[in-house]
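First the structure, in the form of C-alpha cells, and then the observations on it.
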Amino acid sequence: MKKVYIETYGCQMNFADSEIVASLLKKEGYDVTTEIGEADYVLINTCAIRDNAEQRIRKRLRELRALQQRNTGLRIGILGCMAERLQSQLMVEEENVSFVVGPDAYRQLPSILARVREQGVKAAETELSTTETYADIEPVRLGSNGISAYISIMRGCQNYCAYCVVPYTRGRERSRDPETIVAEARDLYAHGYKEVTLLGQNVNSYRWRTDDGEVGFAELMARVAEISPRLRVRFATSHPKDLSDGLLEVMAKYDNICKCIHLPVQSGSDRILKLMNRHYDSAWYLDRIAAIRRYMPDCSITTDVIAGFCTETEEEHQMTLDMFRKVRYDYAYMFKFSMRPNTYAEKHLQDDVPEAEKTRRLEEIIALQGQIALENNRKEIGRVYEVLVEGESHRSKERLFGRNSQNKVIVFDRHEVQPGQYVKVKVVDCTAATLLGELCAQ
Ligand code: 5AD
Ligand code: SF4
C-alpha cells in the first residue's frame, strides 16, 4: 500500500479540502500517514492569498529536498490555490515537484499519483469547474479532535475584490446539495461530534435551486441546527454586502447556532472600499453591525482588515482605526496589502504605500485591536458561559480549554470533566486572547 502524507496551509476551506483528498485516495487503496518519513507521496495543499503564503511553501519545498535525497522514490505534489495560480510553471520553478493539481481536479489524484510513479512523468491538472462540489465524498477527518468538524457547503467566489486572487484560484461560485450537507452533519453528530462549521468563501450567497423553490443559507442553517440542540453550528465567511436580517433572525432563534459573526471590513474608508470593489460603504457596514447587535446583543464580531491598500492615505488609514473603535471587534485578522498577479489591483492600481508605512499602519491597527480585545474580555469577568470542552490546555495537563458560543477560548481547572462535554464556566480573569474560568456546579 502506497503511503500519502498531506500537509495543509491557508484557510479552513483548504483544511476541509485536504479531508476530501484523503477520502478520495483512501478509496483507491492509498494509506494516509501522519509520518512524513514513511511517505511515498507528500501532498502540500497550498495558499496563494498573499505573497508570504507562497514564499512559505517555497521554503518548505527546499526543506523537503533533504528528505528526497534519503528517499529517492518520494514524489511531491502541490495542491490548492498556488497550484491553480501557477499551474505547470510551478514544476519548472520547483524541480522537486512532480505534479500540481488544482482545487477542482482532486478526483483525478489517484490516477495522477499512479501515472507519476509508473511512467515517471510529471503531471498538471488545473481545470476549474462550474459544478464540482465533492458532494458525494465523505471526508476523512484529519487531525480531528472528534468534537468539531468542517463541512464545505459551497465553493468558489465571484465577488472580484480588487486585491484578491481567490476568484482566479477557486473559480465560479457553486453551492452543494443541502440534503448531502444535512446528511453529513447528522452523521457527524451520530459519531459523537458536537460542533460543525459550515464553510464557504461567501456563505451568504449559498443558494440551491429545487423544483419547488430554493434553499438559501438561512434555511440551510436552520435545517442543520434542527438536527439536535446539542450540536453547535458555526459558519464562515460572510460578506457584509449580503448579510441579511433573515439570517440574523435564524441565528437568534436557535440557541445552538453560535453567536459569532466574522464580517471582514477590509477598510474604514469609503473611497478605499469602492476601489476594493467591496459593494458597501462604511455606513452600510455599521448598519449591519447595528442589526447584529439588535438581534443578538451577546454576539461576538470578528473581522479581516488590510493595511496599506493601493493609494491609501494616512487619513484613510485613520478611518480604519475609527471603524475599529466604533465596532470594537472581539478578534481581527490583520494584514498588510500584498499585490497579487492578475487581480484588478495589479492591472489598474499602484502599490504605492511604502513597505515601512504599511508596516507602521498595520502595527497601529494591531495595537488598537489588542487594547479593544482586552477591554472586551474584561467585561466578561463574572459572566457564566456554556463551554464545549475541546481538550487539554497547551500549558498544563491539569487544565482544559473550550469555547463559548461567542468562540472565545476559556481555560479552567479540569476536575472530572472530559473533552466533548458541555460545562458551565464562570469567567474570573482574562488576557487579550483568552478567558480564564472556574467550573460552576453543573
Ligand atoms: N493582500 C493582503 N490581504 C489580503 N486578503 C486577501 N487578499 C489580500 C491581499 N492581496 C485578506 C483579506 C481577506 C483575507 C482572507 O485575506 O482581508 O478577507
Ligand atoms: Fe488561501 Fe484563499 Fe486559497 Fe483559502 S481560498 S487557501 S485563503 S488563497
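The residue of region 149-173 that is nearest to ligand 2 (Cβ to nearest atom), among those that are in contact with a Ser or Thr (Cβ under 7 Å, 6 or more places away or on another chain) and small (Gly, Ala, Ser), is Gly171. Set side by side, the residues Gly10, Gly77 differ, and just one is of a type outside the set (A, V, I, L, M) and touching a helix residue (DSSP H, G or I) at 6+ places or on another chain (Cβ under 7 Å), which is Gly10. In this entry, Tyr168 passes the filter for residues that are under 30 Å from His348 (Cα atoms), in contact with a helix residue (DSSP H, G or I) (Cβ under 7 Å, 6 or more places away or on another chain) and of a type in the set (Ser, Thr, Tyr).
For Arg174, the stated conditions do not hold, so it cannot be described as in contact with a Pro (Cβ under 7 Å, 6 or more places away or on another chain) and assigned by TED's automatic domain parsing to the domain that holds His262.
Just so you know, in region 1-38 the residues that are within 16 Å of ligand 1 (Cβ to nearest atom) and not in a helix (DSSP H, G or I) include one that is farthest from Tyr168 (Cα to Cα), and it is Thr8. Taken over region 140-194, residues that are within 16 Å of ligand 1 (Cβ to nearest atom), surrounded by fewer than 18 Cβ atoms within 10 Å (Cβ to Cβ) and without any contact (Cβ under 8 Å) to a residue 24 or more places away in the chain amount to 1. Hey, can you tell me all the residues within region 288-312 that are farther than 25 Å from Glu380 by Cα and more than 16 Å from ligand 2 (Cβ to nearest atom)? Once the filter is applied, which keeps residues that are farther than 25 Å from Glu380 by Cα and more than 16 Å from ligand 2 (Cβ to nearest atom), region 288-312 yields Ala307, Gly308, Phe309, Cys310, Thr311, Glu312. Checked against the criterion of being farther than 18 Å from Gln12 by Cα and acidic (Asp, Glu), the candidates Glu138, Glu179 yield just one match: Glu179. Screening region 39-144 for helices (runs of 4 or more DSSP H) wholly inside it with 3 or more residues that are modelled with pLDDT of 95 or more and basic (Lys, Arg) returns the ranges 51-70. Taking region 7-16 as the range and being touching a strand residue (DSSP E or B) at 6+ places or on another chain (Cβ under 6 Å) and either without any contact (Cβ under 8 Å) to a residue 24 or more places away in the chain or not hydroxyl-bearing (Ser, Thr, Tyr) (or both) as the test, the residues that pass are Glu7, Gln12, Met13, Asn14, Phe15, Ala16.
Would you mind stating whether Ile137 is under 26 Å from the mean Cα position of the chain (by Cα), surrounded by 22 or more Cβ atoms within 10 Å (Cβ to Cβ) and under 23 Å from Lys2 (Cβ atoms)? In short, no. For Leu220, are the conditions met, namely being away from ligand 1 (no atom under 16 Å from the Cβ) and not assigned by TED's automatic domain parsing to the domain that holds Asp17? In short, yes. Across region 196-237, the number of residues qualifying as part of a helix (DSSP H, G or I) and either over 11 Å from Met154 (Cα atoms) or aromatic (Phe, Trp, Tyr) (or both) comes to 9. The helices (runs of 4 or more DSSP H) located wholly in region 291-399 that include 1 or more residues which are buried (at least 16 other Cβ atoms within 10 Å of the Cβ) and more than 24 Å from the chain's Cα centre (by Cα) occupy 314-327, 355-378.
The values are calculated or read from the model by the stated rules, or taken from the named source; none is laboratory data. Fair warning: this is a prediction, and the values are worked out from it, not measured in the lab. Because the Cβ atoms are built from the backbone with ideal geometry, glycine has one as well, and the counts that use them run over all protein chains shown.
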